[in-house]
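Contents: one structure, followed by commentary.
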Amino acid sequence: SQPWEKSYEELVSFVKEFGHARIPKIFHKNPPLAFWASRQQQNYTKYEKETSSSKITENQIGLLNKVGFEWNFAYDIVRI
């Protein structure tokens with residue numbers, strides 16, 4: 001798997017191309033990005049519940065919020 005920062009850069013590119021940060025669960029153009037986005041959502045849920053297994057930092061949350069990442073988005077309903 002690639003570093004978090006590299007995936008974040010891909011997310012920023014996605015936002016520039018599509019105008020939103022709602023990565024579909026199945027994104028044929030970049031499957032690793034779709035998996036990464038789903039993982040961020042899962043890690044944030046753990047973070048909110050103060051679970052020690054959360055692998056997301058406050059800095060990462062801030063960066064994701066900055067580009068409009070949707071934490072509770074149902075990824076599978078978007079077709080791109």
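Where a number appears in this text, it was derived from the coordinates with a stated rule and is not lab data. Since this is a predicted model, take the numbers as computed values, not measurements. Cβ sites come from the backbone with ideal geometry, for glycine too, and all protein chains shown count toward neighbours.
The count of lysine pairs in the chain whose Cα atoms are under 28 Å apart, excluding pairs fewer than 8 places apart on the same chain, comes to 21. Magnitude of the Cβ-charge dipole of the chain, K/R +1 and D/E -1, about the Cα centre, nearest 20 debye? Around 200 debye, computed over the chain.
In loop segments of the range 9-45 as defined by DSSP, the trypsin sites (Lys or Arg not before Pro) with at most 11 further C-beta atoms inside 10 Å of their C-beta are 29. Rounded to the nearest Hz, the phi-derived 3J(HN,Hα) couplings of the range 20-36 under the Karplus curve 6.51 cos²θ - 1.76 cosθ + 1.60 (θ = phi - 60°) are 7, 10, 9, 6, x, 4, 10, 10, 4, 5, 7, x, x, 5, 4, 5, 4, where x marks glycine and proline. Here the alpha carbons of the chain define both size measures, Rg and Dmax, at 12.0, 35 Å.
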